[in-house]
Amino acid sequence: MKLAALASIALTLLVMAALAFLAQQSRQMQPAVGMADGHLRPCPPKPNCICSEQDTPAHQRIEPLQADWPELREAIRQMGGVIHQDDGRYLHASFRSALFGFVDDLEARLDEHGRIQVRSASRVGHSDLGANRRRIERLRQCIEALNSC
């Protein structure tokens, strides 16, 4: 019984150390952000990225935001995001997870129809357990709350 308990503790500590290492890596990485051919870059074939651009595969697709640019900036700030670049038509912000401090990048662009196309992706790992999708949906709710004032 003692050996099984020690093995369980050792495995837990190993997993936590690996997660802490990956989180540290995400904080040190230069983000792969920016536009390609006037659109947000496509998501890699991993489930830790979502995007509203038209050619995004269904499992990674999310609807664009209906908002004014100042509302987008304010909602990002209220959610704890840090805006690194904003020219009024393209925005890059980052968010850190509470537990380990993983960094995710959020990008937005104002399209020709006045919608805000969005992309949210984890810097490291394979799965984000739906965190990027939840972030965009929370951003949508935050923008709606700003409009209801």
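Answer rounded, prolate or oblate for region 2-147, using the Cα gyration tensor with square roots of eigenvalues a ≥ b ≥ c: rounded when a/c is under 1.5, else prolate when a/b is larger than b/c, else oblate.
Numbers: a/c = 2.32, a/b = 2.04, b/c = 1.14.
Because a/c hits 1.5 or more and a/b exceeds b/c, region 2-147 counts as prolate.
The packing ranking, built from the mean of other Cβ atoms within 10 Å per residue, places the peptides 112-122, 87-97, 33-43 in the order 112-122, 87-97, 33-43, highest first.
What does the charge count around His39 come to, taking other residues whose C-beta lies under 10 Å from its C-beta (Lys +1, Arg +1, Asp -1, Glu -1)?
Values: positive: Arg41, Arg109, Arg119; negative: Asp37, Glu53, Asp55, Asp111.
Net of charged neighbours comes to -1.
Against the chain, whose longest principal axis is taken from its Cα atoms, helix 69-78 shows a tilt of about 20°. For the chain, the longest principal axis of the alpha carbon atoms and the long axis of helix 131-147 meet at an angle near 40°.
Note that region 49-64 has calculated 3J(HN,Hα) couplings of 8, 10, 7, 9, 4, 4, 8, 6, x, 3, 6, 10, 8, 9, 6, x Hz, one per residue in order, obtained from phi through the Karplus relation 6.51 cos²θ - 1.76 cosθ + 1.60 (θ = phi - 60°); glycine and proline are x.
Throughout, read-outs are computed from the coordinates displayed, never taken from laboratory work. These numbers come from a predicted model, not from an experiment. Don't worry about glycine lacking a Cβ; one is built from the backbone with ideal geometry, like all the others, and counts go over all protein chains shown.
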